[in-house]
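Participant: Questions regarding the structure given below will be posed in turn.
The values are calculated or read from the model by the stated rules, or taken from the named source; none is laboratory data. Fair warning: this is a prediction, and the values are worked out from it, not measured in the lab. Here the Cβ is made from the backbone with ideal geometry for all residues, glycine too, and neighbour counts use every protein chain on show.
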Amino acid sequence: MSLDDLDSNDKKVYEYLKLNDFVVKPWSTKKAATALKMKEDEIYNSLSNLAEYMKNNIHIHYRDGSIRIGAN
């Protein structure tokens, strides 16, 4: 699947991930929802879709008590 195949919410979240370094700084779903003018459930749904459909371009892990997400 390519970026063109994602829906608009998934694209917004993916671009947000690429523009911010959530490997160095902890991920916050609440801040993402506010920045993207989306509901937190929509953010979670998009993260799930990205992890499934863009699995070669996204890496989600846990470190130092926080979720870390990298996207390329």
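Participant: So which of D4, D41, D10 is assigned to a helix (DSSP H, G or I) and either of a type in the set (G, A, S) or buried (at least 18 other Cβ atoms within 10 Å of the Cβ) (or both)? Outline the logic, then answer.
Facilitator: Numbers: D4 fails: either of a type in the set (G, A, S) or buried (at least 18 other Cβ atoms within 10 Å of the Cβ) (or both); D41 fails: either of a type in the set (G, A, S) or buried (at least 18 other Cβ atoms within 10 Å of the Cβ) (or both).
On inspection, the qualifying residue turns out to be D10.
Participant: Pick out the one residue from K12, K37 that is under 11 Å from the mean Cα position of the chain (by Cα) and modelled with pLDDT of 95 or more. Walk me through it before giving the result.
Facilitator: On the way: K37 fails: under 11 Å from the mean Cα position of the chain (by Cα).
That would be K12, the only listed residue that is under 11 Å from the mean Cα position of the chain (by Cα) and modelled with pLDDT of 95 or more.
Participant: Working only within segment 44-72, note down all residues that are among the hydroxyl-bearing types (S, T, Y), in a strand (DSSP E or B) and touching a residue at least 40 places away in the same chain (Cβ under 8 Å).
Facilitator: Here is the first cut: in segment 44-72, the ones among the hydroxyl-bearing types (S, T, Y) are 44, 46, 48, 53, 62, 66.
Now drop any that are not in a strand (DSSP E or B), which leaves 62, 66.
Once the filter is applied, which keeps residues that are among the hydroxyl-bearing types (S, T, Y), in a strand (DSSP E or B) and touching a residue at least 40 places away in the same chain (Cβ under 8 Å), segment 44-72 yields only S66.
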